[in-house]
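Trainee: So that we are looking at the same thing, I have put the structure below in structure tokens.
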Amino acid sequence: MSALGAGVEAPEINLSYPDGRKFSLAEARKKGPVVAAFFKVSCPVCQMAFPYLERIFKAYNKSGTFTFVGISQDSASDTQAFNRSFGVTFPVLLDPVGKYPASNAYGLTNVPTFFVISPEGAIDTSSVSWSKSEVEELNRKLAELSNIAPAQIFQPGEKVAEFKPG
């Protein structure tokens, strides 16, 4: 089974932050769209991608028009080490190791994978692995929601590889 696509109803996500606080997708959607970015700390493509997602988060987070969460398939300690190593400051949830209820509900076979979920509960965007153009589209979408010009996520001369599952 491949990851859920755009237009599909998003399954509920009820996970915890590393500090034990609870997250509910249904509650987060009441505030606006939700970006959910799934990853594994040992994934080299995740290690390359997440600093770019961090740039997007920093560019628009203050607008308060959306919720942005990472969803780790690893332990709290490994996840916190990943966040420190790769400069991730956006909130990260833990998908319990060995069970992976959120990852399974979303049909994940590859990471990184991100979804943009509408306030009504539909998946607006589904991006599997890494695609510069899909990250640029996420940037444009969040800029529009935030009512500001798109930020420059990719710097001039910065080499960015493309990774898509085969």
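The values are calculated or read from the model by the stated rules, or taken from the named source; none is laboratory data. Model, not experiment: these values are computed from the prediction. Quick reminder, even Gly has a Cβ in these numbers, built from the backbone with ideal geometry, and neighbours come from all protein chains shown. For the accessible areas, the whole protein counts, side chains as well, though only heavy atoms, and no ligand, DNA or RNA atoms are used. Shrake-Rupley method; radii C 1.70, N 1.55, O 1.52, S 1.80 Å.
Trainee: Being within 17 Å of Y60 (Cβ to Cβ) and surrounded by fewer than 15 Cβ atoms within 10 Å (Cβ to Cβ) is the filter here, so list the residues in segment 125-140 that pass it.
Mentor: E137, R140
Trainee: I need the full set of residues from segment 31-56 which are touching a Gly at 6+ places or on another chain (Cβ under 9 Å) and in a helix (DSSP H, G or I), in order please.
Mentor: Answer for segment 31-56, where residues must be touching a Gly at 6+ places or on another chain (Cβ under 9 Å) and in a helix (DSSP H, G or I): F50, P51, L53, E54.
Trainee: Okay, moving on. Just to be sure before I move on: is A102 part of a helix (DSSP H, G or I), small (G, A, S) and at pLDDT 95 or above in the structure I sent?
Mentor: Working: part of a helix (DSSP H, G or I): yes; small (G, A, S): yes; at pLDDT 95 or above: yes.
Judged against the criteria, A102 is a match.
Trainee: Working only within segment 122-145, note down all residues that are under 19 Å from F39 (Cα atoms) and of a type in the set (A, V, I, L, M).
Mentor: I123, V128, V135, L138, listed by residue number.
Trainee: Filter segment 8-30 down to the residues that are out of contact with any Gly (no Cβ under 6 Å at 6 or more places or on another chain), assigned to a loop (DSSP other than H, G, I, E, B) and either hydrophobic (A, V, I, L, M, F, W, C) or open to solvent by 50 Å² or more (accessible area, probe 1.4 Å) (or both) and list them by number.
Mentor: Residues satisfying the conditions are V8, E12, I13, D19, R21, K30.
Trainee: Does any residue in segment 141-161 that is exposed (fewer than 10 other Cβ atoms within 10 Å of the Cβ) come within less than 6 Å, Cβ to Cβ, of a residue that is of a type outside the set (D, E, K, R) six or more places away or on a different chain, and which pairs are these?
Mentor: none
Trainee: Determine, yes or no, whether Y106 is open to solvent by less than 20 Å² (accessible area, probe 1.4 Å), over 19 Å from L4 (Cβ atoms) and either out of contact with any Lys or Arg (no Cβ under 9 Å at 6 or more places or on another chain) or not β-branched (V, I, T) (or both).
Mentor: no
Trainee: Here is a further query. Taking interchain pairs and intrachain pairs at least six residues apart, which have beta carbon atoms under 9 angstrom, with the first residue in segment 49-72 and touching a residue at least 12 places away in the same chain (Cβ under 8 Å) and the second among the acidic types (D, E) and open to solvent by less than 40 Å² (accessible area, probe 1.4 Å)?
Mentor: I71/D95; S72/D95
Trainee: Name the pairs whose Cβ atoms lie under 7 Å apart, with the first residue in segment 111-123 and among the hydroxyl-bearing types (S, T, Y), the second open to solvent by less than 10 Å² (accessible area, probe 1.4 Å), and 6 or more positions between them or separate chains?
Mentor: T113/F38; T113/S127
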